[in-house]
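Asks: Shown below is the structure under consideration.
What follows is calculated from the coordinates using simple rules that are stated; it is not laboratory data. Nothing here was measured: the structure is a model prediction, and the numbers come from that model. Cβ coordinates were reconstructed from backbone atoms using ideal geometry, including for glycine residues, and neighbour counts include every protein chain displayed.
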Amino acid sequence: MTDAGALIECNDVTKQYDGGPAALSGLDLRIRAGEALAVLGPSGSGKSTLLNLVAGLDRPTRGTVTVDGVRVDRLGEAASARYRRERIGMIFQFFNLLDDLTVLDNVLLPAQLAGVPRQKARHRADELLGYLGISRHAKAFPGRLSGGERQRVAVARALMNRPPLLLADEPTGALDTASGQEVRKLLTELNRDGQTLLLVTHDLALAEACATRTIELVDGRLVQEVVR
Ligand SMILES: Nc1ncnc2c1ncn2[C@@H]1O[C@H](COP(=O)(O)OP(=O)(O)OP(=O)(O)O)[C@@H](O)[C@H]1O
Ligand SMILES: [Mg+2]
């Protein structure tokens with residue numbers, strides 16, 4: 001059954017890599033637009049696997065993944081890349097910025113790939129850099145920024161094409177306390193402004209600050225759900 005109110009819907013999702021134990025096992029999960037869902041769980045419990053399936057970077061062995069009306073588990077390579085470009089923003093533990101590009105060019109990249117006219121993209125980038133408090137670093141290279149600043153650049157890039165869904169894998173994992181605090185606050189504000197978040201984290205402070213709902217995975221199964 002599909003749920004008309006769900007932005008993300010995983011039905012009986014199992015993922016098994018090369019005959020190993022299941023990384024995800026019969027997972028049922030629905031996330032509504034506007035939610036901030038934090039996924040907790042020990043190392044190896046399937047958290048990143050879940051994000052990869054939702055992002056269309058990998059396919060489930062069984063079950064279906066539907067995001068914003070798109071059957072992500074059935075997309076071919078080109079459609080999958082387009083799906084990510086148009087509907088998904090991703091942020092990672094280690095930023096994944098291109099060090100040879102300036103901050104501004106990193107942020108502009110998703111718009112360029114989507115064929116957005118330069119002028120329009122530039123306007124959006126300026127707006128995001130301002131919103132995230134990093135305008136003064138626009139012409140700098142990422143290597144010169146602090147961890148928290150780099151993660152804000154990554155968030156700006158992720159938001160460039162106004163994705164309905166923002167995915168984050170350990171976004172505070174590589175940050176010191178102050179930078180982590182910055183990113184927690186930023187993600188909380190984004191969700192308050194209506195951005196849907198799917199957040200994988202070991203950081204309980206992040207889950208507590210930001211999540212409207214928390215689930216815990218153990219051995220690829222959902223063991224606990226806390227609604228706040
Ligand atoms: N590409 C892959 N090939 C084979 N096995 C994989 C692959 N990716 C993940 N796994 C296995 O699937 C299981 C779940 O991995 P996953 O990366 O989802 O865990 P995680 O919860 O994100 O862990 P961590 O907190 O350490 O990031 C692990 O046993 C892992 O070894
Ligand atoms: Mg992981």
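Asks: What FRET efficiency do you get for Arg71 and Arg162 if R0 is 25 Å and r is their Cβ-Cβ distance, rounded to the nearest 0.05?
Replies: Details: r = 22 Å, r/R0 = 0.88.
Calculated value: 0.70.
Asks: Another one. Using a cut-off of 19 Å between alpha-carbon atoms, which lysines can reach Lys120, once sequence neighbours fewer than 8 places away in the same chain are excluded?
Replies: By straight Cα distance, Lys120 reaches Lys139.
Asks: Using θ = phi - 60° and the Karplus curve 6.51 cos²θ - 1.76 cosθ + 1.60, what whole-Hz ³J(HN,Hα) does each residue of region 170-186 get, with Gly and Pro shown as x?
Replies: 3J(HN,Hα) across region 170-186, in whole Hz: 6, x, 10, x, 9, 9, 6, 4, 5, 5, x, 4, 4, 6, 4, 5, 4.
Asks: Further, regarding this structure: Report the net charge of residues surrounding Leu198, where surrounding means a beta-carbon distance below 11 angstrom and charges are Lys +1, Arg +1, Asp -1, Glu -1.
Replies: Charge balance near Leu198 sits at 0.
Asks: OK, next. Which ³J(HN,Hα) values, rounded to whole Hz and listed in residue order, are derived for region 128-143 from phi using the Karplus coefficients 6.51, -1.76 and 1.60 in 6.51 cos²θ - 1.76 cosθ + 1.60 with θ = phi - 60°, glycine and proline given as x?
Replies: 5, 4, x, 4, 8, x, 10, 3, 5, 9, 3, 8, 7, 8, x, x
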